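Taking it in order: structure first as structure tokens, then the write-up.
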Amino acid sequence: MDQTVSIRSGNDLPTILLVEDFDDTRLMMKMWLVKNGYHVIEAETGEEAIALAQQERPDLIIMDVMMPGMNGLDATQRIRQDRALTRTPIVAVSAYGAEEYRHLALEAGCNEYVSTPFEPGALADLIRDLLQDDESAHSNAPPTDLEH
């Protein structure tokens, strides 16, 4: 009898891929997300984010916009090229609060843009809303032939 159990099947918590290059910020956000009932996987770079998104199929991605190397918007565009990830909610996070950056994030394929510092309650509501929308759309299921 095979004793191998998938991580997802033993963990009913929604999985969030947290992409942030600053260790302190990533740790703080991870602790906050875990406290709020999420399973968190982490990436420090855009390249790591793409690989983990494809491997783990998270329920939601929180993407830092400004990172060395591949930035979060380029990583988002690459993630969106994977058919299984086209509807995974992605929230761009940046210290730049300008409406221009929000426009660029949405254009790159993010569902929403949050500037830091953010109101924790507002982010919690946003994550919950996006996950509920995602669940109703079964976005992590591979697209059928009817979806083009």
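Per-structure values
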{"read-out": "Test: residue in the range 89-112 that is under 11 Å from the mean Cα position of the chain (by Cα), closer than 24 Å to residue 31 by Cα and assigned to a helix (DSSP H, G or I)", "value": "no"}
{"read-out": "Index of the failed condition, residue 75 passing every other in (1) surrounded by fewer than 21 Cβ atoms within 10 Å (Cβ to Cβ); (2) part of a helix (DSSP H, G or I); (3) of a type outside the set (Phe, Trp, Tyr); (4) in contact with a strand residue (DSSP E or B) (Cβ under 8 Å, 6 or more places away or on another chain)", "value": "(1)"}
{"read-out": "Residue that is nearest to residue 59 (Cα to Cα), among those in the range 9-41 that are of a type in the set (Ser, Thr, Tyr) and assigned to a loop (DSSP other than H, G, I, E, B)", "value": "38"}
{"read-out": "Filter result for residue 102 (of a type outside the set (A, V, I, L, M, F, W, C) and more than 18 Å from residue 37 (Cα to Cα))", "value": "yes"}
{"read-out": "Residue in the range 23-40 that is more than 23 Å from residue 132 (Cβ to Cβ), in contact with a Gly (Cβ under 7 Å, 6 or more places away or on another chain) and open to solvent by 50 Å² or more (accessible area, probe 1.4 Å) present", "value": "no"}
{"read-out": "The listed residue being charged (D, E, K, R) and in contact with a helix residue (DSSP H, G or I) (Cβ under 7 Å, 6 or more places away or on another chain), out of 102, 87, 83", "value": "87"}
{"read-out": "Unique residue being open to solvent by less than 60 Å² (accessible area, probe 1.4 Å), within 15 Å of residue 123 (Cβ to Cβ), in contact with a Pro (Cβ under 8 Å, 6 or more places away or on another chain) and at pLDDT 95 or above when the list is 60, 17", "value": "60"}
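Each row is one residue, and each column tells you yes or no for (1) at pLDDT 90 or above; (2) within 22 Å of residue 13 (Cα to Cα); (3) open to solvent by 70 Å² or more (accessible area, probe 1.4 Å); (4) hydroxyl-bearing (Ser, Thr, Tyr).
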| site | (1), (2), (3), (4) |
| --- | --- |
| 54 | yes, yes, yes, no |
| 66 | yes, no, yes, no |
| 92 | yes, yes, no, no |
| 98 | no, no, no, no |
| 110 | yes, no, no, no |
| 119 | no, no, yes, no |
| 132 | yes, yes, yes, no |
| 138 | no, yes, yes, no |
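The values are calculated or read from the model by the stated rules, or taken from the named source; none is laboratory data. Keep in mind that this is a model prediction, so the values were computed, not measured. Counting neighbours? That spans all protein chains shown, and the Cβs are built from the backbone with ideal geometry, glycine included. Surface areas here come from the heavy atoms of the whole protein model, side chains and all, with no ligands, DNA or RNA. Shrake-Rupley method; radii C 1.70, N 1.55, O 1.52, S 1.80 Å.
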